[in-house]
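Read-outs: derived from the displayed coordinates by stated rules, not from any lab. Just so it is clear, the structure is predicted and the values come from calculations on it, not from any experiment. Note that we place each Cβ from the backbone using ideal geometry, even for glycine, and neighbour counts take in every protein chain shown.
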Amino acid sequence: MSPASPVSAPSRTTALGAVFRPQLPPERLRAMARVADDAGLEELWLWEDCFLEGGISAAAAALAWTERLRVGVGLLPVPLRNVAVTAMEAATLHRLFPGRAVLGVGHGVQDWMGQVGARAESPLTLLREHLDALRALLRGERVTTDGRYVKLDGVALDWPPAGAPEVLTGATGPRTLRLSGEAADGTILTASTTPDEVRRARRLIDEGRQAAGRTDRHRVAVYLHTATGPDAAARLRAQIEANGEDPLPEHGVAGAPGTVAEAVQQLVDAGADTVILQPTADEPDPEGFVRFVAEDVRPLVP
């Protein structure tokens, strides 16, 4: 599902990534991950969209096939997952591939949650309870809680990560953004987020952080609709319209590396720490898109 200090601090101020869209068959992931690793891309992001590909299984495979690439899952829908299972899988990834896994959780698309009988009456309450328990378990704590949705009785991981990893959450509305500031280590914003909306999100996140007395760094990762090539503008517009969004100039970028880098920088100036370039679903050359991000755009982004 499409979007603290980084798990592993990037070599540059801004971390840049690209999306492996789950509209591609799972067997394409190996080639994409290896291209990303070889080209020097910092982060490859996956989605756990219903009912396409599993986020944890895909991330584990991509991490195993590569040497240095960070792999993000943005995001895992919490109504589908018992928090103990999420913690077990997250801890396993962080121990197997230290500093290279980046995991985000979120409400999930409510229509999809309804399809599988997992729709929560209060998604915000569920997300808060899940975040609190997940972060505590990953810190190696023994957790007992009797919440509305999350119930644990003396649960602790036998193999917690060596250090507490960051847990990001997807957020759009004001209440979820404030919750992210309170209870998460970072926030994932959707590809339709404009620079002004990144600034607004930062303000709301900071309100939550202040309310919780948090002073640690909070990472903001933003997806960015991106297309390049001779038909880039038309493909980008069609993709944004297919998403039910207005094809405004600030809702995506199409064009040459310099144009894309400028759009990335606008999001960074607004408060993004990580920008993840999201290709269109009909991107004709996914591997080429990854090379474009790593080799052509990356050198232009500080």
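List of remarks:
- Cβ crowding within 10 Å averaged over residues, with 55-61, 69-75 ranked highest first: 69-75, 55-61
- Inter-label distance, nm, simple model (7 Å from Cα along the C-beta direction), ASP231/ARG119: 3.7 nm
- For the range 121-156, the set of GluC sites (Glu not before Pro) satisfying both a DSSP loop assignment and a count of at most 12 other C-beta atoms within 10 Å is given as GLU121.
- For the range 15-300, averaging the sequence separation of C-alpha pairs within contact (under 8 Å, six or more residues apart) and dividing by the residue count gives a relative contact order of 19 percent.
- Neighbours of PRO160, meaning other residues whose beta-carbon lies under 11 angstrom from its beta-carbon, give a summed charge of +1 when Lys and Arg score +1 and Asp and Glu score -1.
- For GLY208, the shell of other residues with beta-carbons less than 9 Å away shows a net charge of 0, using +1 for Lys and Arg and -1 for Asp and Glu.
- Bridge type composition, the chain - antiparallel percent by DSSP, nearest 5: 10 percent
- The range 208-283: GluC sites (Glu not before Pro) in DSSP coil with no more than 15 other Cβ atoms inside 10 Å: GLU245
- Integer Hz, Karplus 6.51/-1.76/1.60 couplings in order for the range 159-176, x for Gly and Pro: 10, x, x, 4, x, 5, x, 6, 10, 9, 9, x, 8, 9, x, x, 5, 6
- Qualifying chymotrypsin sites (Phe, Trp or Tyr not before Pro) for the range 43-127 [loop in DSSP, other Cβ within 10 Å: at most 10]: PHE51
- Neighbourhood charge, 12 Å Cβ-Cβ cut-off, centred on GLY55 and excluding it, Lys, Arg +1 and Asp, Glu -1: -3
- When each of the peptides 78-90, 157-169 is scored by the mean number of other C-beta atoms lying within 10 Å of its residues, the order from highest to lowest reads 78-90, 157-169.
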